[in-house]
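Trainee: Following this message is one structure expressed as structure tokens.
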Amino acid sequence: MIADDPPEKKHLYQVQLPASGAWAGAMTAALFNALGMVIELAIVRRTPGVPAKPAAISAVVALILLIVLVLKRRTASVKWAAIAYLVTTVSVISVLMNTNLKFAVSQRNWLPFQENKLGCLAAALVAPEFWAGLASILAYCLSGVLQLEFFFPPEVRTRVALEPWPLLAFGLGGVLALIYRFHRAHLTQELSRIQAQNAAIRRLAGVFLDIRDRMNTPLQVIELSVDVLRNSRQATDEILDRIDRSVESLNNINSMLVEHEKEIEWEAER
Amino acid sequence: MSATVVFLDDNEDLRQLMPILLKTSLGLDCICFGNLAEIQSHQQEVLEAKLAILDINLGPFVPDGIDAFHWLKAHGFHGKVLFLTGHARNNPRVKSEINGAKLLEKPLRPDELVACVARAIYGIS
């Protein structure tokens, strides 16, 4: 029965955002990437030794993704939103892998791994699927840690001595925010499901009350008809006609019940 | 001459059976109506009755038995009122608005119905 449906237990990676919401997340990520890379290009032009090509390619990728996502928004799906989002992540990380070291070397006041940290938080806010968000946060964190440990010269590492702990803290913050976001989405979906169940139960309760009302009147007619038949000299045919009409009413009600029986089975199979 | 009992129900068969039952069992005259408008068009006759038996659900988009009850009270009906209804026992409007009138639930056995009517009119069972 509908009322006996237990609350659904889901792991966070099983929580599916609505397709439109997931699509909007992928579009936002692509838009951030496009705008971010335009700003990056402006900075790169004023920073000698930092190549502009990776940022330009990433901006073009972001723009193409954005156009595709906008054009295909009517056939939005969580799966393709996640793929588009991961393409954005890969595109951003490729740029960061190419430029972080060069910025670190050429700018003495370089703030380490700002884009990676921003990426961790953005992933928590807009990732279309839990696993895609988690993978992105890990990628932003690990790419920074790997760069720091294996590619940065010792003098740069000395300058950013606190790293990678702040980067890892942002990563942890991102993971927590991602968990919170998907946990909340799950609760919202559960609430909607329970509200829909309640509405169905109320509708059925209303139908059954109506059916009781409709059944009780013909039953009353039959009761009175039988009594009158026993005690009066009124024409029998007329009374039998009344009984026939009442039986017909009860049969009609039975047909109504069959319709609602289908509805109950459908809910149970869901 | 006015009837002793007014019966309001949207079911025509019941409207035909009730006068027969009350006449044969208690010797009472009964006039029947299918909706509030019919009651209103027989105002004088209705208001002189000793008992009104009202169904509650009279069909969609029409005044129900509770509206008829309010109309009777507003027009100085001094007789007893019985509600004879197929459901509505749990309807909050029924609980709050029938003001002490007795609520009977269909289907009622004819002898029980007659006993209720007798109690309402003569004060006996």
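Trainee: Pairing the Cα long axis of helix A:19-45 with the longest principal axis of chain A, what angle in degrees results, from 0 to 90 and rounded to the nearest 10?
Mentor: So the inclination is approximately 10 degrees.
Trainee: Can you compute log10 of I(q)/I(0) for the protein assembly as shown with the Debye formula, treating each Cα as one identical point scatterer, at q = 0.10 Å⁻¹?
Mentor: -0.74
Trainee: Report the local net charge at B:Gly79: Lys and Arg +1, Asp and Glu -1, summed over other residues whose C-beta lies under 15 Å from its C-beta.
Mentor: Charge balance in the 15 Å sphere: +2.
Trainee: Okay, next question. Provide a whole-number value for the mean count of partner chain Cβ atoms within 10 Å of the Cβ atoms in peptide A:223-230.
Mentor: 6
Trainee: Now a separate question. Per-residue Cβ counts within 10 Å, from other chains only, averaged over B:111-122: what number is that?
Mentor: Counting Cβ atoms of other protein chains within 10 Å of each residue's Cβ and averaging gives 1.
Trainee: Just for the Cα atoms in region A:194-244, what are the lengths along the principal axes, largest first, rounded to whole Å?
Mentor: 58, 15, 7
Trainee: Sticking with this one: With a point put 7 Å past each Cα toward its Cβ, work out how far A:Val226 is from A:Arg157 in nm, to one decimal.
Mentor: 9.7 nm
Trainee: Using per-residue counts of other Cβ atoms within 10 Å, averaged over each peptide, order A:165-176, B:46-57 from highest down.
Mentor: Top of the packing list down: B:46-57, A:165-176.
Trainee: Against the longest alpha carbon principal axis of chain A, how many degrees, from 0 to 90 and to the nearest 10, is the axis of helix A:130-146 turned?
Mentor: The helix A:130-146 is inclined about 10 degrees to chain A.
Trainee: Tell me the angle of helix A:236-269 to the major Cα principal axis of chain A, expressed in degrees between 0 and 90 and rounded to the nearest ten.
Mentor: 20 degrees
Trainee: Now a separate question. Using a Förster distance of 35 Å, how high is the FRET efficiency between A:Asn252 and A:Ile201, based on the Cβ-Cβ distance and rounded to 0.05?
Mentor: 0.90
Trainee: May I ask you to list the lysines whose Cα is less than 20 Å away from that of B:Lys50, ignoring any residue fewer than eight positions away on the same chain?
Mentor: Within the straight-line cut-off, B:Lys50 pairs with B:Lys23, B:Lys73, B:Lys80, B:Lys102.
Trainee: Let me ask something else about it. Starting from the Cα of A:Lys10, draw a straight line to each of the aspartates and glutamates and keep only those under 15 Å, dropping any in the same chain fewer than 8 residues away.
Mentor: Straight-line reach from A:Lys10, under 15 Å: A:Glu129, A:Glu190.
Trainee: Using the C-alpha atoms of region A:1-97, what convex hull volume per residue, in cubic angstrom, is computed?
Mentor: 104 Å³
Trainee: Of the listed peptides A:154-164, A:236-246, what is their order by residue-averaged count of other C-beta atoms within 10 Å, with the highest listed first?
Mentor: Most protected by this proxy first, the peptides run A:236-246, A:154-164.
Throughout, read-outs are computed from the coordinates displayed, never taken from laboratory work. Remember, predicted model here, so these are calculated numbers, not experimental data. With ideal geometry, Cβ positions are generated from the backbone for all residues, glycine too; neighbour counts draw on all protein chains shown.
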